[in-house]
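The values are calculated or read from the model by the stated rules, or taken from the named source; none is laboratory data. These numbers come from a predicted model, not from an experiment. So basically every Cβ, Gly included, is an ideal-geometry build from the backbone, and we count neighbours across all protein chains shown. These accessible areas exclude ligands, DNA and RNA; they are computed on the full protein's heavy atoms, side chains included. Shrake-Rupley method; radii C 1.70, N 1.55, O 1.52, S 1.80 Å.
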Amino acid sequence: HGQDRVDAGDATMHQRRPQPSRAISDHTARGKQFVLVASQFHPELARDLVSGATRVLRRYGAFARNIQVVWVPGAFELPVVAARAARSRPRPDAVIALGVLIRGETVQYDVIAHAVAQGLEQVAVSSKIPVTFGVIVAQTMRQAKARAHRTGHNRGSEAALAAVAVLRIFQRMAH
């Protein structure tokens, strides 16, 4: 519990797995600027992802006025708009990309999913700010709905939690 056993050839070592923050008194997001870049495709699910991300950011102290939502036509446009957002002024502390890709709806599903993930990763590395992946990549609409649940599992919430976690790491590294 809380540990993973890692076998590295002949050497065996134990690593502590980071535990999620239990205290909601954590105000890591207070005073920080966030840009949520959201795909308009599957609008109902996209709105639920935005709501989930916003809820988490607010819980961690972000002010509503510091959370900007930018809508893009589809998932493929997420990286380029995330890149522009990361360079905008005032510079955001994190960018959270949100969207839905469902296998049966596009022949290019695998290509688009890969391009979006790789593009967002490049934005994160080049901008040196957290750019998190809140894109649902699902086989069916049913799976997608299960990952955009308003009160349960929500990929937008998870992406916001990842952004807060990375900002917390950055804060520790600065001290």
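Among (1) touching a helix residue (DSSP H, G or I) at 6+ places or on another chain (Cβ under 7 Å); (2) at pLDDT below 95, there is one condition residue 161 misses while meeting the rest; what is its number? Tallying (1) touching a helix residue (DSSP H, G or I) at 6+ places or on another chain (Cβ under 7 Å); (2) at pLDDT below 95, residue 161 fails exactly one: (2). Might you let me know whether segment 87-108 holds any residue that is of a type in the set (Val, Ile, Thr), farther than 22 Å from residue 157 by Cβ and surrounded by fewer than 21 Cβ atoms within 10 Å (Cβ to Cβ)? Yes; the residues of segment 87-108 include at least one that is of a type in the set (Val, Ile, Thr), farther than 22 Å from residue 157 by Cβ and surrounded by fewer than 21 Cβ atoms within 10 Å (Cβ to Cβ). In segment 84-120, of all residues being under 18 Å from residue 71 (Cβ atoms) and assigned to a helix (DSSP H, G or I), the one that is modelled with the lowest pLDDT corresponds to 112.
How many residues does segment 99-156 contain that are of a type outside the set (Ser, Thr, Tyr) and over 26 Å from residue 57 (Cα atoms)?
14
Among the residues of segment 33-52, which ones are assigned to a helix (DSSP H, G or I), open to solvent by less than 10 Å² (accessible area, probe 1.4 Å) and aliphatic (A, V, I, L, M)? Reasoning before the result, please.
To start, the set of residues in segment 33-52 that are assigned to a helix (DSSP H, G or I) comprises 43-52.
Filter once more, keeping what is open to solvent by less than 10 Å² (accessible area, probe 1.4 Å): 46, 49, 52.
Selection gives 46, 49.
Just for segment 1-32: of the residues that are open to solvent by less than 60 Å² (accessible area, probe 1.4 Å) and at pLDDT 50 or above, which one is farthest from residue 123 (Cα to Cα)? The residue in question is 26. Scanning segment 121-165 for residues being touching a residue at least 60 places away in the same chain (Cβ under 8 Å), crowded, with 18+ Cβ neighbours inside 10 Å and not in a helix (DSSP H, G or I) gives a total of 5.
Being in contact with a Ser or Thr (Cβ under 7 Å, 6 or more places away or on another chain) and more than 15 Å from residue 36 (Cβ to Cβ): is that true of residue 112 here? Criteria met by residue 112.
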